[in-house]
1. Hey, any hits in segment 71-83 for a residue that's over 23 Å from Asp229 (Cβ atoms), open to solvent by less than 40 Å² (accessible area, probe 1.4 Å) and at pLDDT below 90?
2. Filter segment 1-49 down to the residues that are among the acidic types (Asp, Glu) and over 22 Å from Phe145 (Cα atoms), then identify the one that is surrounded by the most Cβ atoms within 10 Å (Cβ to Cβ).
3. I need the full set of residues from segment 69-83 which are in contact with a Ser or Thr (Cβ under 9 Å, 6 or more places away or on another chain) and at negative phi, in order please.
4. Does Ala232 satisfy being closer than 22 Å to Thr100 by Cβ, out of contact with any Phe, Trp or Tyr (no Cβ under 6 Å at 6 or more places or on another chain), at pLDDT 80 or above and among the aliphatic types (A, V, I, L, M)?
5. In this structure, is Trp204 buried (at least 18 other Cβ atoms within 10 Å of the Cβ) and either modelled with pLDDT under 75 or in contact with a helix residue (DSSP H, G or I) (Cβ under 7 Å, 6 or more places away or on another chain) (or both)?
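The values are calculated or read from the model by the stated rules, or taken from the named source; none is laboratory data. In this text, all values refer to a predicted model and were calculated from it rather than measured experimentally. Cβ sites come from the backbone with ideal geometry, for glycine too, and all protein chains shown count toward neighbours. The protein model used for the area step is the full one, side chains on, heavy atoms only, and it has no ligands, DNA or RNA in it. Shrake-Rupley method; radii C 1.70, N 1.55, O 1.52, S 1.80 Å.
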Amino acid sequence: MQVWLRADSGVIANQDGRVSTWQDRSNNNNDATQENEDIQPRHATGSFGGREVVNFVGPEAERIYFGTDFASTFQGSFTAFYLVAPEDGHPNGDRIIFGTVAGSHRMVFGIDNATSMNHLYKADGASANTNIAPMPFNNGAQSDFTLISYVNRAGGTHEAFVNGNSTAAATKDGSGVDNSSFSLSGGNTNAWLGSSNNGSGSNWPNSSTRYRGGVAEFMIYEGALSAADRQAVESYLLNYTPIPEPGTCVLLALGCLGLMGCIRRQLSLIHI
């Protein structure tokens, strides 16, 4: 596990709910931070049946960034999980949930909104988008949670799942996924949640390329998880169980195998 953000744990916010730090629950200290109050997302409690989210819905292009671009992870096999509730009735534009950009090299997860939210995509350096069908999001107001699971293998094959169900994942140019395009040789880049802005403001977001909506949980694993491990993570994400502070689940120390054992015990918590 490279990063694990969970909206009911490790969120540091002011009295207005503006989030300055979202602490990484993995052992890698990949916290997401934002010092500029004007573009800080907001922590929302009791949303969507009681589950907490970090909301990116203000008038500015709100975003929060990591101290890493995860380049070494993305150049090999990896698995990503996004439990999100997008505001999918917003005007046209690409909704960038997460990403990093350095020149022609990019790793982006977002929602293409040419006319409506019609697919989730991942763009590499050649904009070889991975289109996920059927459409995982509905038009209208901010919707219920959708879990997107994406498994990328360094050889170029990939799988996509929506709410734990297998779905087609077709690459735009038909040549598969070239992980070498994720080599962010430009340096001084950061991965961002809520955008793929590299800090200069010259890339994303802008008025039409920004994420609007809530994020409940976000995970990246190094390596392509097995079907059993992926399903264990999905079961955990879709069957919400609060984590009492200050302890946390054993998956932090042991990775996915620890998570599977934790889930098999109905998230009976082991504190570390």
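1. First pass over segment 71-83, keeping only residues over 23 Å from Asp229 (Cβ atoms): 71.
If we keep only those that are open to solvent by less than 40 Å² (accessible area, probe 1.4 Å) as well, we get 71.
Those still in the list that are at pLDDT below 90 too: 71.
Yes.
2. Initially, segment 1-49 is screened for residues among the acidic types (Asp, Glu), giving 8, 16, 24, 31, 35, 37-38.
Going one step further and asking which of them are over 22 Å from Phe145 (Cα atoms), we end up with 16, 31, 35, 37-38.
Numbers: Asp16: 9, Asp31: 18, Glu35: 9, Glu37: 11, Asp38: 11.
For segment 1-49, the residue satisfying everything is Asp31.
3. We begin by selecting, within segment 69-83, every residue in contact with a Ser or Thr (Cβ under 9 Å, 6 or more places away or on another chain); these are 69-71, 74-75, 79-83.
Selection gives Asp69, Ala71, Phe74, Gln75, Thr79, Ala80, Phe81, Tyr82, Leu83.
4. On the way: closer than 22 Å to Thr100 by Cβ: no; out of contact with any Phe, Trp or Tyr (no Cβ under 6 Å at 6 or more places or on another chain): yes; at pLDDT 80 or above: yes; among the aliphatic types (A, V, I, L, M): yes.
For Ala232, the condition - closer than 22 Å to Thr100 by Cβ, out of contact with any Phe, Trp or Tyr (no Cβ under 6 Å at 6 or more places or on another chain), at pLDDT 80 or above and among the aliphatic types (A, V, I, L, M) - is not met.
5. On the way: buried (at least 18 other Cβ atoms within 10 Å of the Cβ): yes; either modelled with pLDDT under 75 or in contact with a helix residue (DSSP H, G or I) (Cβ under 7 Å, 6 or more places away or on another chain) (or both): yes.
For Trp204, the condition - buried (at least 18 other Cβ atoms within 10 Å of the Cβ) and either modelled with pLDDT under 75 or in contact with a helix residue (DSSP H, G or I) (Cβ under 7 Å, 6 or more places away or on another chain) (or both) - is met.
Here's the yes/no breakdown for (1) part of a strand (DSSP E or B); (2) at pLDDT 80 or above:
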residue: Ala154; (1), (2): no, yes
residue: Leu184; (1), (2): no, no
residue: Thr189; (1), (2): no, no
residue: Met219; (1), (2): yes, yes
residue: Tyr236; (1), (2): no, yes
